[in-house]
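These notes are about the structure you will find just below.
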Amino acid sequence: MRQIHNAVNKFILTVIDFFYPWFKKIMPLQTFRYAACGGGNTVLDICISTICFNYFVNNNVHFYFPSIHLIITQPIAALLCGLCVTVPIGFYLSRYVVFQETSAKKSAQLLKYILVIMFCVVLNYGFLKFFIEVLKWKFIVSKILTTAFVVVFSYLSQRNFTFKAPVV
């Protein structure tokens, strides 16, 4: 398993770092790696969410529990489908590609990462509800604009909280 991890990690770093010289003058390597990893993961999330929204989640999702009826709207169900795939991928990329210099334990980072992601989910939920239900915008436009806001928050949170580099 370690060999697979090392090979995948080396491949991702080789591909990302190949393109870095063109961006070297406008951003540091870590920011470029975050943009590349986060951008790829974000595109994956938008694709999965859109496919789920258009093909798999055709209506609101209803859950019936004893004395509780929970309704998850179609856009939020699509958001949750995307998160099921992109959260583990995002943690892996953040820990092993973007923020390699961290010395914190993986379990502590995972907890912090999940806390930030939970807040990002709340932001996603709020923005999607606002754009779709209040402003009556289409899902894909709402999803892309929401993602832009959440990405900025996520990067700052991950850099300064979850994967904060040790003070030397």
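FYI, it's all coordinate maths here, none of it is from the lab. The shown structure was predicted, so the numbers you read here are calculated from the model rather than taken from an experiment. Glycine gets a Cβ as well: all are built from the backbone with ideal geometry, and neighbour counts include every protein chain shown.
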Residue-wise HN-Hα coupling along the stretch 8-18, computed from phi with Karplus coefficients 6.51, -1.76, 1.60 (Hz; x: Gly, Pro): 5, 4, 5, 4, 4, 5, 4, 5, 5, 5, 4
Between helix 74-93 and the chain: long-axis angle, C-alpha atoms, 0 to 90°, nearest 10: 10 degrees
Distance from the stretch 124-168 to the stretch 1-73 (C-alpha centre basis), Å: 13 Å
Residue-averaged [θ]222 nm for the chain, counting only DSSP H segments that reach four residues, each worth -39500 (n - 2.57): -21500 deg cm²/dmol
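Would you kindly calculate the mean projected area, averaged across all directions, of the convex hull enclosing the Cα atoms of the chain, in square nanometres?
About 12.8 nm², averaged over all directions.
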Label zone at Phe11 (point 7 Å along Cα-to-Cβ), backbone N below 15 Å, the stretch 80-111: 93
Orphan Cys of the chain, criterion: no other Cys C-beta under 4.7 Å: Cys37, Cys47, Cys84, Cys120
Of Phe63, Phe23, Phe119, the one that fluctuates the most in a GNM where the chain has Cα springs shorter than 10 Å: Phe63
